[in-house]
Amino acid sequence: MPTLIGTALKVADSTIKRGGSFAVRCNRVGTHPYSSVDICREVGRQILENLKHHDIHVDLTNPQTKLEIEVWDREAYVYTETLPGPGGFPVGSQGKVVCLLSGGIDSPVACWLTMKRGCPMVPIYLDNSPLTDETTTAKALETARKLFEWSIGFSTRIYVVPHGENLETIMKEAPRRFTCLLCKRIMYRIAERIADIEKAEGIVTGEAIGEQASQTITNLRVLDNAAEKYPIHRPLLGFDKVETEGLARKIGTFNISTRKAKGCCAAPSQPATRARLQMVKEAEEKLDIDDMVEKSVKNARTLIIRRDGVY
């Protein structure tokens with residue numbers, strides 16, 4: 001205990017203001033020959049005795065300074081400030097997931113919320129070039145880098161999957177009102193293949209009810225039908241844009257996601273908002289879905305995100 005008391009005195013000397021009040025709080029883990037109350041009393045006594053020239057006093061109800069002590073077996077920690085953390089579970093306490101990451105506002109927040117609940121995250125970026133350009137890819141990679149700052153010690157791998165050719169084929173061969181639905185259904189199938197590779201437990205997306213034409217509750221059911229092996233997790237399902245943007249600011253992705261970039265130009269002017277599953281499946285019969293998915297996965301690039309760059 002002498003070392004603990006000496007450290008507590010140093011902290012108290014630098015934090016308790018002259019003429020101010022203080023209290024000592026203690027929590028212990030382990031077996032010790034003294035109680036938490038014993039520590040509080042002895043540390044408080046030593047502070048009053050050694051810092052009496054500061055004209056300080058004890059206030060257990062509303063102290064200006066709280067001296068906190070955590071004792072863990074043979075180690076102890078002394079502090080006066082508690083900072084709020086993100087909450088949730090430690091990353092790795094749940095199974096791995098793959099996340100469809102676009103670089104926009106929504107999908108990074110969905111990925112983060114899943115990580116907050118303990119899931120290691122492997123992002124998948126579907127590259128729609130030439131219907132988008134490198135600015136969109138750069139945003140996705142940058143948001144991935146920011147997300148990985150929340151999971152130090154875990155993989156920083158991201159899959160960059162070519163998808164532009166698939167989208168061009170959809171635009172040519174299928175009814176335009178179904179373009180976004182058919183595009184996302186192929187995305188889900190690609191994500192399932194990568195989930196197999198990664199031995200993941202599910203697929204995460206940034207979709208929210210009614211946020212886009214393809215995300216009406218009816219269309220989400222049509223999208224779900226494309227995933228045969230893995231559940232689709234949508235952490236933002238009931239969020240509105242203001243709530244999502246608030247979280248994006250909190251986790252550091254908002255400024256990245258709102259940078260100017262060339263958006264996808266494949267969206268139809270009159271998209272289906274209440275698509276019938278059978279009609280969407282009939283549209284898919286005009287497409288070689290298996291070949292499109294196979295080529296995309298085969299030509300996918302796996303990149304490692306580093307703090308100072310990508311390789």
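Descriptive notes on the structure:
- Criterion applied to Thr244, Thr273, Thr218, Thr258 was being buried (at least 17 other Cβ atoms within 10 Å of the Cβ) and either of a type in the set (A, V, I, L, M) or in the same structural domain as Met115 (by TED's automatic domain parsing) (or both), and the one residue passing it is Thr244.
- The set of residues from the stretch 17-45 being surrounded by 15 or more Cβ atoms within 10 Å (Cβ to Cβ), among the aliphatic types (A, V, I, L, M) and within 38 Å of the chain's Cα centre (by Cα) comprises Ala23, Val24.
- Checking each residue of the stretch 249-272 against the condition of being over 20 Å from Asn128 (Cβ atoms) and touching a strand residue (DSSP E or B) at 6+ places or on another chain (Cβ under 9 Å) gives no match.
Yes or no, residue by residue, for (1) closer than 26 Å to Lys260 by Cα; (2) assigned to a helix (DSSP H, G or I); (3) aromatic (Phe, Trp, Tyr):
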{"position": "Gly85", "(1), (2), (3)": "no, no, no"}
{"position": "Pro90", "(1), (2), (3)": "no, no, no"}
{"position": "Gln94", "(1), (2), (3)": "no, no, no"}
{"position": "Ala110", "(1), (2), (3)": "yes, yes, no"}
{"position": "Gly118", "(1), (2), (3)": "no, no, no"}
{"position": "Ser129", "(1), (2), (3)": "yes, no, no"}
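- When the stretch 164-208 is limited to residues that are over 23 Å from Ala300 (Cα atoms), assigned to a helix (DSSP H, G or I) and not basic (Lys, Arg), the one that is farthest from the chain's Cα centre (by Cα) turns out to be Glu173.
- Scanning the stretch 154-186 for residues that are touching a Pro at 6+ places or on another chain (Cβ under 8 Å) and among the polar types (S, T, N, Q), we see that the one that is farthest from Lys116 (Cα to Cα) is Thr179.
- Residue check, Gly85 closer than 25 Å to Glu294 by Cα, surrounded by fewer than 23 Cβ atoms within 10 Å (Cβ to Cβ) and either among the small types (Gly, Ala, Ser) or assigned by TED's automatic domain parsing to the domain that holds Ile197 (or both): no
- Among the residues of the stretch 216-237, not a single one is closer than 18 Å to Ala283 by Cβ, among the small types (Gly, Ala, Ser) and at pLDDT below 95.
- Qualifying residue in the stretch 249-260 (condition: over 19 Å from the mean Cα position of the chain (by Cα) and either of a type in the set (A, V, I, L, M) or modelled with pLDDT of 95 or more (or both)): no
- Only one of the numbered conditions (1) at pLDDT below 95; (2) out of contact with any Leu (no Cβ under 9 Å at 6 or more places or on another chain); (3) surrounded by 14 or more Cβ atoms within 10 Å (Cβ to Cβ) is not met by Val91, and that is (1).
A quick yes/no check of all residues on (1) outside the structural domain of Ile203 (by TED's automatic domain parsing); (2) under 30 Å from Ala195 (Cα atoms); (3) of a type in the set (Phe, Trp, Tyr); (4) at pLDDT 95 or above:
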{"residue": "Arg18", "(1), (2), (3), (4)": "yes, no, no, no"}
{"residue": "Ser21", "(1), (2), (3), (4)": "yes, no, no, yes"}
{"residue": "Cys26", "(1), (2), (3), (4)": "yes, no, no, yes"}
{"residue": "Gly30", "(1), (2), (3), (4)": "yes, no, no, no"}
{"residue": "Tyr34", "(1), (2), (3), (4)": "yes, no, yes, no"}
{"residue": "Lys52", "(1), (2), (3), (4)": "yes, no, no, no"}
{"residue": "Asp73", "(1), (2), (3), (4)": "yes, no, no, no"}
{"residue": "Ile105", "(1), (2), (3), (4)": "no, yes, no, yes"}
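- Condition met for Ala248 (within 19 Å of Thr179 (Cα to Cα), in contact (Cβ under 8 Å) with a residue 40 or more places away in the chain and among the hydrophobic types (A, V, I, L, M, F, W, C)): no
The values are calculated or read from the model by the stated rules, or taken from the named source; none is laboratory data. As the structure is a prediction and not an experimental result, all values here were calculated from the model. Cβ: placed from backbone, ideal geometry, glycine included. Neighbour counts: every protein chain shown.
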